[in-house]
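K.L.:
Let me begin by handing over the structure; questions about it come next.
A short reminder: the numbers here are calculations on the coordinates, not readings from a lab. All of these numbers come straight from a predicted model, not from anything done at the bench. Neighbour counts are summed over all protein chains in view; Cβ atoms, including those assigned to glycine, are modelled from backbone coordinates with ideal geometry.
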Amino acid sequence: MSVYDRYVLPHVLHLACGLKAFRHQRQLVVPAASGRTLEVGAGSGLNLPYYRPGQLSELILLEPEEGMRVKLRKATRDFPIPVEMLGLRGEEIPLADHSVDTVVITYTMCTIPDLPTALAQMRRVLKPGGRMLFSEHGAAPDVSVGNWQERINPTWKKLAGGCNLNRRIDEEIRNAGFHLEKLETGYIPGPRPWTYNYWGVATPGQ
């Protein structure tokens, strides 16, 4: 891991993902978490203010990057219920089948190297009737914006820790066997190649 990835990138991502527009998106999905909850790609803990601890029986935070876990440990110190932290990737969720009520994933599907495997893992650990709450940026439907996303993506991916601008998030979720119970899409404030968002609720398919 380079010096940039270890010491600089976590601070850059914390600032970028904490912008007002992204905070608003988190607030649309995270408060619905309940029961035993797994957050995949917890980053620096930007979702923590939006959980409702009274609705949670347990909170498990999965975050593979040590630089982010340093920030995450600080963010969880005053959280009102115990938190378990796992330093693993989304492709390696070490939980039993059908053992989680809620999966939360925000601004992480863009970065996971093997997203189909990670989504299959999330589906595996969800209980029947469980829910995946998500908010993510991705491929825009407008041809001109989409062309810019394709053009920028190779360079952006190197600078932003593997983040992809051009993933079709709804298709990725459906292809993993989820049912999209609720899906909303649209641009949030900011440059269009970075700000087309998908958010909603998915449930494990049959």
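K.L.:
Across bins of 5 angstrom width beginning at 0, how are the C-alpha pair distances of region 44-86 distributed, in whole percent?
P.N.:
Spelled out bin by bin, region 44-86 gives 6, 22, 38, 22, 9, 3 percent.
K.L.:
Now, a different point. Compare the peptides 77-84, 194-201 by average per-residue count of other Cβ atoms within 10 angstrom and give them in order, highest first.
P.N.:
Peptide ranking by packing, descending: 194-201, 77-84.
K.L.:
Further, regarding this structure: Is there a pair in K127/K157; K127/K182; K74/K157; K74/K158; K20/K74; K71/K158 whose C-alpha atoms are over 29 Å apart, and which pairs would that be? Working shown, then result.
P.N.:
Numbers: K127/K157 34 Å; K127/K182 18 Å; K74/K157 27 Å; K74/K158 27 Å; K20/K74 21 Å; K71/K158 22 Å.
Check vs 29 Å cut-off fails for K127/K157.
K.L.:
Considering the dipole of region 97-190 built from charges on the beta carbon (Lys and Arg +1, Asp and Glu -1) around the Cα centre, which of F134, N175, M122 is farthest to its positive end?
P.N.:
M122
K.L.:
Continuing with this model, one more query. Quick check: Cα centre of region 17-86 to Cα centre of region 110-170, how many Å?
P.N.:
Using only Cα atoms to place each centre, the spacing works out to 19 Å.
K.L.:
In addition: When Rg is the radius of gyration of the Cα atoms in the chain and Rh is its Kirkwood radius, what does Rg/Rh come to? Can you show the working numbers first?
P.N.:
Numbers: Rg = 16.0 Å, Rh = 17.1 Å.
Ratio of gyration radius to Kirkwood radius for the chain: 0.94.
K.L.:
In the Gaussian network model of the chain, springs joining C-alpha atoms below 10 Å, which of A139, A96, A21 carries the largest mean-square fluctuation?
P.N.:
Largest GNM mean-square fluctuation: A96.
K.L.:
Round to the nearest 0.05 the FRET efficiency obtained for F79 and V143 when R0 = 35 Å and r is the Cβ-Cβ distance.
P.N.:
Working: r = 44 Å, r/R0 = 1.26.
Computed FRET efficiency for F79 and V143 comes out at 0.20.
K.L.:
Also: Put +1 on the Cβ of each Lys and Arg and -1 on the Cβ of each Asp and Glu in the chain; which of P80, T108, Q149 then has its Cα farthest toward the positive end of the dipole?
P.N.:
Farthest towards the positive pole: P80.
K.L.:
Something else now. Among the DSSP beta bridges whose two residues both lie in the chain, what percent are antiparallel, rounded to the nearest 5? Don't skip to the end; give the middle numbers.
P.N.:
Working: 15 of 34 bridges.
The answer is about 45 percent antiparallel.
K.L.:
Among rounded, prolate and oblate, which fits region 119-206 when a ≥ b ≥ c are the square roots of the eigenvalues of its C-alpha gyration tensor, a/c under 1.5 means rounded, and a/b larger than b/c means prolate?
P.N.:
prolate
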